[in-house]
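Following this message is one structure expressed as structure tokens.
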Amino acid sequence: LGVAVLSVEYRKAPEHPYPAALNDMIAAWHWMQGQEDRFLGRRFALLGESAGGGLAAALALALRDAGGVQPVFQCLIYPMIDDRTGSPANPWTGPRHHVWTAASNVAGWTAYLGHAPGGEGVPYLAAPARAANLSDLPPAWIGSGDIDLFVAEDVNFAMRLIARQIPCEIRVIPGAYHAFQRQAPEATQTRLFESGYFAALARAISS
């Protein structure tokens, strides 16, 4: 797309649980705003895959709450946004999942939160699906596969954005599992998926 990309080497759980990674994302955002010679007048979009998609969604919420310069777009690629998926609070009874399972999800969220997921008191900046207020967020593109563990939470998040009149494009790829395009980069499904968010990003950056 001919745009500059800043990839944040954020701290990882379990050594660095929430909010370390989000704090690193916020710090990177403020660093960008201070680089006026490089970025003055630019339009900023957020993009992340899986856990990174969850962090991108959390960063959009944190920046909205703080005010100041806002991103123009959030591109959430099968984002990990709801700690309740696969936990006792929401046991998954859908199809068998490839790559990332309900057990994987509970382990991942336990590492990130520092305690078992699915209970009370989990902050929405850790699990964006828990946010009661999704207003005043940037437009979004949200994509998943229909046999990805995250498809239900991702589609639900998209529908909640739409209910708040936030422009949101949803793309669900039939027969696609979590991170499918990394294992099948030349597949037709991958090309459909990636061309969708490339086009959405191009529109957001140029409009």
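The values are calculated or read from the model by the stated rules, or taken from the named source; none is laboratory data. Predicted model only: the values in this text are computed from it and were never measured. Neighbour counts are summed over all protein chains in view; Cβ atoms, including those assigned to glycine, are modelled from backbone coordinates with ideal geometry. In case anyone asks, the SASA skips ligands and DNA or RNA and just uses the protein heavy atoms, side chains included. Shrake-Rupley method; radii C 1.70, N 1.55, O 1.52, S 1.80 Å.
State all residues of the range 175-193 that are surrounded by fewer than 13 Cβ atoms within 10 Å (Cβ to Cβ) and within 30 Å of Asn133 (Cα to Cα); if no residue qualifies, say none.
none
OK, next. When the range 51-76 is examined, which residues are found to be in a strand (DSSP E or B) and in contact with a Leu (Cβ under 7 Å, 6 or more places away or on another chain)?
Phe73, Gln74, Cys75
I'd like the full set of residues that are within 19 Å of the chain's Cα centre (by Cα), assigned to a helix (DSSP H, G or I) and farther than 13 Å from Val151 by Cβ, limited to the range 167-191.
From the range 167-191, those within 19 Å of the chain's Cα centre (by Cα) are 167-173, 176-182, 190; that's our starting set.
Right, trim to assigned to a helix (DSSP H, G or I) and you get 180-182, 190.
Hits for the range 167-191 are Gln181, Arg182, Thr190.
Looking at Gly118, Gly143, can you tell me which residue is of a type outside the set (Ser, Thr, Tyr), open to solvent by 10 Å² or more (accessible area, probe 1.4 Å), in contact (Cβ under 8 Å) with a residue 12 or more places away in the chain and touching a Lys or Arg at 6+ places or on another chain (Cβ under 9 Å)?
Matching residue, one of Gly118, Gly143: Gly118.
Yes or no: Leu125 surrounded by 19 or more Cβ atoms within 10 Å (Cβ to Cβ) and either in a helix (DSSP H, G or I) or out of contact with any helix residue (DSSP H, G or I) (no Cβ under 8 Å at 6 or more places or on another chain) (or both)?
Working: surrounded by 19 or more Cβ atoms within 10 Å (Cβ to Cβ): yes; either in a helix (DSSP H, G or I) or out of contact with any helix residue (DSSP H, G or I) (no Cβ under 8 Å at 6 or more places or on another chain) (or both): no.
Answer is no for this residue.
Val155: over 19 Å from Leu22 (Cβ atoms), open to solvent by 30 Å² or more (accessible area, probe 1.4 Å) and under 13 Å from the mean Cα position of the chain (by Cα), yes or no? Even if it seems obvious, please write down each step before you answer.
Values: over 19 Å from Leu22 (Cβ atoms): yes; open to solvent by 30 Å² or more (accessible area, probe 1.4 Å): yes; under 13 Å from the mean Cα position of the chain (by Cα): yes.
Yes, satisfied.
Just wondering, is there one or more residues in the range 58-66 that are at pLDDT below 95 and open to solvent by 60 Å² or more (accessible area, probe 1.4 Å)?
There is no residue in the range 58-66 that is at pLDDT below 95 and open to solvent by 60 Å² or more (accessible area, probe 1.4 Å).
Just checking, which of Leu76, Leu46, Leu63 is touching a Cys at 6+ places or on another chain (Cβ under 8 Å) and within 18 Å of Cys168 (Cβ to Cβ)?
Leu46
Can you list residue pairs whose Cβ atoms sit under 7 Å apart, with the first residue in the range 1-18 being within 28 Å of Ser206 (Cβ to Cβ) and the second being among the aromatic types (Phe, Trp, Tyr) and modelled with pLDDT of 95 or more? Count only pairs 6 or more apart in sequence or on different chains.
The qualifying pairs are Leu1/Phe198.
Can you tell me how many residues in the range 67-83 are more than 21 Å from Gln181 (Cα to Cα) and modelled with pLDDT of 95 or more?
So the count comes out to 7.
Give the residues of the range 77-109 that are closer than 16 Å to Tyr18 by Cβ and not in a loop (DSSP other than H, G, I, E, B), sorted by residue number.
Listed by number, the residues that qualify are Asn105, Val106, Ala107, Gly108, Trp109.
Here is a further query. Can you confirm whether Ala13 is at pLDDT 95 or above, over 24 Å from Leu137 (Cβ atoms), in contact with a helix residue (DSSP H, G or I) (Cβ under 9 Å, 6 or more places away or on another chain) and open to solvent by 30 Å² or more (accessible area, probe 1.4 Å)?
On the way: at pLDDT 95 or above: yes; over 24 Å from Leu137 (Cβ atoms): yes; in contact with a helix residue (DSSP H, G or I) (Cβ under 9 Å, 6 or more places away or on another chain): yes; open to solvent by 30 Å² or more (accessible area, probe 1.4 Å): yes.
So Ala13 fits the description; yes.
What number of residues within the range 29-42 are touching a helix residue (DSSP H, G or I) at 6+ places or on another chain (Cβ under 9 Å) and open to solvent by less than 100 Å² (accessible area, probe 1.4 Å)? Don't jump to the end; show me each part of the working.
Just the residues of the range 29-42 that are touching a helix residue (DSSP H, G or I) at 6+ places or on another chain (Cβ under 9 Å), to begin with: 29, 32-33, 38-39, 42.
If we keep only those that are open to solvent by less than 100 Å² (accessible area, probe 1.4 Å) too, we end up with 29, 32-33, 39.
Adding up the residues that qualify gives 4.
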